[in-house]
Structures are given as structure tokens and as C-alpha cells.
Amino acid sequence: MIGPRTFLEYQNYRYLKVALSTLFLSIVVYVVDDPPGGRSGSSWTGYGLGTIAAATIFWLMWLGIRKRSYSATGASLKGWVSAHVYLGTGLLFLVPLHSAFEFGWNVHTLAYALMCVVCISGILGVAFYALVPTSMTRNRNNITLDAMLERIAEIDSECRMAADGLPDYYAHAVVTSIDDTRIGGTFRSQLSGKDADCGTSRALRSLRTSEVDLDDEAKEQERKLIELIARKELLLKQIRRDVRFKGLLDLWLIVHVPFAFATCAALIVHIFVVFWYH
Ligand code: HEM
Ligand code: HEM
């Protein structure tokens, strides 16, 4: 994901301007037009605005494909997201102009309601990206997460060495820290951002409260071990916080994408019904 500041400002708000001009022109046409049967979705203006709205929606769906296509040429992904956000938000106003502000308990209004859910979730998503520190959004591709996991593996092997020659009590703590530490897990535990039963925290507690008698050299080893496990605990905290942010960042997409498909389905029915009965 690209930082929101950069895609919102993309090329000096080019797509905000496109969206606002489209809306402005639509309002002008809507106001000037005085069709014989009164303003409605079935006037020529209504058909025109409906067609623009439908074309925009199908184009917005394309982002899912464009996002994953690394070989694509043409406008940058940043530009695509910028256009997506502004043209998508514009639809909230364009569609009521299309239907001449008429709504009812029918499949037409269902299409609009579903679309509103998509747009609002999208706006929330953008707000999320804006609120979460940019360092996090930049790192969505897991580069730092991988580096941190690697560091943890290193600490684990350093712990094994540090515990070498110490009484079993210490080896046991190291094994607990290695075997009972979980990152990720279910979506819920990812979102909680912590693990109340973390093996590393337990190991650290048992090391700090150890009452085993040690000679000076072993004491030095113990100190090193505590330092390592404490560092690991800190890293884990950071990783769990990052995983949590990533989970939160994707939460809105769970609404956005399925409702986007549902909107398209209802829209196809809407268009079909309209041509069937008119
Ligand atoms: C090719 C695109 C479209 C065409 C040809 C079209 C056509 C029409 C027509 C003819 C009507 C009037 C229906 C009537 O008076 O009974 C209408 C109403 C309506 N359309 Fe569309 N439309 C299109 C796109 C859209 C889109 C994209 C949406 C929203 C997602 C939408 C939502 C509505 C709504 C809410 C109404 C008002 C329903 C009511 O009066 O209760 N339309 N449309
Ligand atoms: C009818 C309107 C809309 C449709 C059909 C639509 C559809 C989609 C689709 C299919 C994706 C791709 C998701 C994926 O594959 O991961 C997407 C992503 C996205 N949408 Fe929308 N969307 C709409 C409106 C909006 C609005 C109004 C906003 C914000 C104001 C928005 C913001 C976003 C963002 C930020 C992404 C993620 C881009 C990324 O991960 O890089 N969308 N949308």
C-alpha cells in the first residue's frame, strides 16, 4: 500500500478535479434538462448518468486486477488508487442524480445501497491508512517483519549457546521460549496484538526469579541469557503490534471487496430489469 498522502495528492489532485468536474457537469445537465415525463432514471439524462456510473463501477473493479499485475504499463498504481478513491466517492452523488433522487424498496435501490457500503468502507480504509504511521504502511510488503523474524531466530540460537553448561532449569526456560512462542495465529489473535501465554514472557519471568546457586562464570552466562530473552520479548511486542496493524489495515477490505462484487451483481440485475420493462 502506498502512503495516503502521496496518492491523495497525486499530480496536484488531478483525479479530485476530474471527479468534481464530472459532478459539476452532471448537475448542470440535470438542472438544465427538462424531460417530458419529468426527471428520472429513464430520461435521456438519466440513461446518460447511469451509464457513466455503471462504467465507473466496472472500471473501479479493475483495481483488484491492476494491483496484482506487476508487468502492467501505463499509469502508476499510485495514480490508479488516486483515481479509484476520488471517482468512487463521486459515485455517491452521481447515482442520486441518475435516479433523480428517487429511491424505493427495489433492486435498483439495492444496487445503490450496496454501493454506498463499498464507498463508505473505502473511505474508512483510506482514513485507516492515514492514521496508521507511514512506516507501517510502507512496510506492508513484510520487509521489516522478515528482518525481525530473522533476528529472533538468531537470538534463539544465541540463547542455546548461552544456556550451554548451565543447570537444566535454564535449558528448560530456553526451550519454553523457543517452543511456546507464537506469532500470528488466528485472525482474532492477530488483531489482539498480544499473547497472554507467551512462552518468552514465561521464560523471562522464570529466569528473573531463579533461585539456583551459580558460580561467578555461570552468573555472567545467566545475565547474558536474561538480556537475550528480554530483547526477544521486546522484538515480539513490536512484531505483534505490526501484525495487529496489518490486520486492522485489511479489515475494511473484508467488507469492501465482497460488497463490490455484490454491487456489480445487483447492478447487472438493475440494468436487465430496466431494459426488460421499458
Ligand atoms: C447503464 C447503466 C444504467 C442504466 C441504463 C440505468 C437505468 C435506469 C432507469 C431506466 C431507471 C428508472 C427506473 C424506473 O423509473 O422504474 C433507473 C433508476 C434507478 N437506478 Fe439506474 N441505471 C443505470 C445505472 C445505475 C447505477 C450504476 C446505479 C447504482 C449503483 C443505479 C441506481 C438506480 C436507482 C437507485 C434508481 C431509482 C429506483 C427507484 O426509482 O426506486 N442505476 N435506472
Ligand atoms: C463502487 C465503488 C467501488 C468499487 C466497486 C471498488 C472496488 C474495489 C476493488 C475491487 C478493490 C481491490 C481490492 C483488492 O483486490 O485487494 C478496491 C480496493 C480499494 N478501494 Fe475500492 N471500490 C469502490 C469505491 C471506493 C471508494 C469510494 C474508496 C475510498 C474513498 C475506495 C478505496 C479503495 C482502496 C484504498 C483500495 C485498496 C487499494 C490498495 O490496496 O492498494 N474504493 N476497491
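Using θ = phi - 60° and the Karplus relation 6.51 cos²θ - 1.76 cosθ + 1.60, list the HN-Hα couplings for the stretch 203-215 in order, rounded to whole Hz, with x at every Gly or Pro.
4, 5, 4, 5, 5, 5, 9, 4, 10, 6, 6, 10, 7
Which value, in debye to the nearest 20, gives the size of the charge dipole of the stretch 143-247 about its Cα centre, when Lys and Arg are +1 and Asp and Glu are -1 at the Cβ?
960
Per residue of the stretch 235-241, what does 6.51 cos²θ - 1.76 cosθ + 1.60 with θ = phi - 60° give for ³J(HN,Hα)? Whole Hz please, x for Gly and Pro, Karplus curve as stated.
Rounded to whole hertz, the list is 4, 4, 4, 5, 4, 5, 5.
Show the residues, 5+ positions off or on another chain, whose built amide H is closer than 5 Å to the amide H of THR181.
Counting only residues 5 or more places away or on other chains, the set is GLY199.
HN-Hα J couplings of the stretch 101-115 from phi, Karplus 6.51/-1.76/1.60, θ = phi - 60°, integer Hz, Gly and Pro as x?
Ordered by residue, 3J(HN,Hα) equals 6, 9, 9, x, 8, 9, 5, 5, 6, 4, 4, 5, 4, 4, 4 Hz.
For the chain, what does -39500 (n - 2.57) per DSSP helix run (n ≥ 4), summed and divided by total residues, give at 222 nm, in deg cm²/dmol to the nearest 500? Please list the in-between numbers first.
Working: 12 runs with 215 residues, N = 278.
Theoretical 222 nm ellipticity from helices: -26000 deg cm²/dmol.
Taking H as built 1.01 Å from N, whose amide H comes closer than 5 Å to the amide H of SER40, not counting residues under 5 places away?
Here GLY46 satisfy the definition.
Where a number appears in this text, it was derived from the coordinates with a stated rule and is not lab data. All values reported here derive from a predicted model rather than from experimental measurement. Here the Cβ is made from the backbone with ideal geometry for all residues, glycine too, and neighbour counts use every protein chain on show.
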